[in-house]
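A.B. asks: Pasting in a structure now, in structure tokens, and then I'll have a few things to ask.
No value in this document is a laboratory result; all are computed from the given coordinates. These numbers were taken from a predicted model, which means no experiment stands behind them. For neighbour counting, all protein chains shown are included, and Cβ atoms are generated from backbone atoms with ideal geometry for every residue, glycine included.
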Amino acid sequence: MSSLRPLSIALLSALAFAPSAFAQDTDTTTTDASSTQTASGKRIAIVGGGAILQPDSDPAPGLDIDGGSAPTLSASWYVNDNIAIELWGAADKFNHRVRGPEGKIGTVEQQPLALSGQYHFRDADAVMRPFVGLGYYESNFSNEDISAGGPHVGLDSTKGAIATAGMDFNINSRWFARTDVRYMRGDADVNLAGEGTGEQLKMNPWTIGVGLGARF
């Protein structure tokens, strides 16, 4: 949580600055007929930020997996001003503490990557632009350090659908702030000493993220 505090402060500052900055940008466009200061027509967007990821609160009987935070990156290609294809993922691994009935029993890390189609509402130059998305993700688990009183416990990658809802706040024709929520549906197969057990952890994680983006 503390690693996201600077990002949250930056986002709030950007949101406070956005209306006046964008208004100035719009005025410039209006007074200069030859100006190209518009978000419309820009086809590439890059967003850097951070997110908190929280797995399902009841992954298996007697187990709980705490949330973690990590930096995130995304790159989008806009078919037009409203439809985009986004590649999103964690730039580092989310670290989770695994707890049993008597307390901590280990840790595990995961790093999701997703490809989604998105629809962005309103005109490209609107100050606030909500969007929704649907796609496919895969999350790789690593560095499993879970004490089960026996062989090494491992988790297979989860794969499934991802749904996204968010809002872009235009600062000017190039820069924007973003906040989003993502939900990933998928279970992780549990292995002991490299062999499948037939058991699964119900992960189904969701994320809350903030970021700063640029269009080209």
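A.B. asks: Give the calculated FRET efficiency between residue 195 and residue 95 to the nearest 0.05, with a Förster radius of 35 Å applied to their Cβ-Cβ distance.
C.D. replies: Computed FRET efficiency for residue 195 and residue 95: 0.85.
A.B. asks: Here's a follow-up. Can you give me the C-alpha center-to-center distance between the stretch 61-135 and the stretch 162-216, rounded to a whole angstrom?
C.D. replies: Value for the Cα centre distance between the two parts: 2 Å.
A.B. asks: When N is the residue count of the stretch 76-216, what does its C-alpha Rg come to as a fraction of 2.2 N^0.38 Å?
C.D. replies: That ratio works out to 1.28.
A.B. asks: At 7 Å along Cα-to-Cβ for each site, give me the label-to-label distance between residue 77 and residue 156 in nm.
C.D. replies: That separation, rounded to one decimal, is 3.1 nm.
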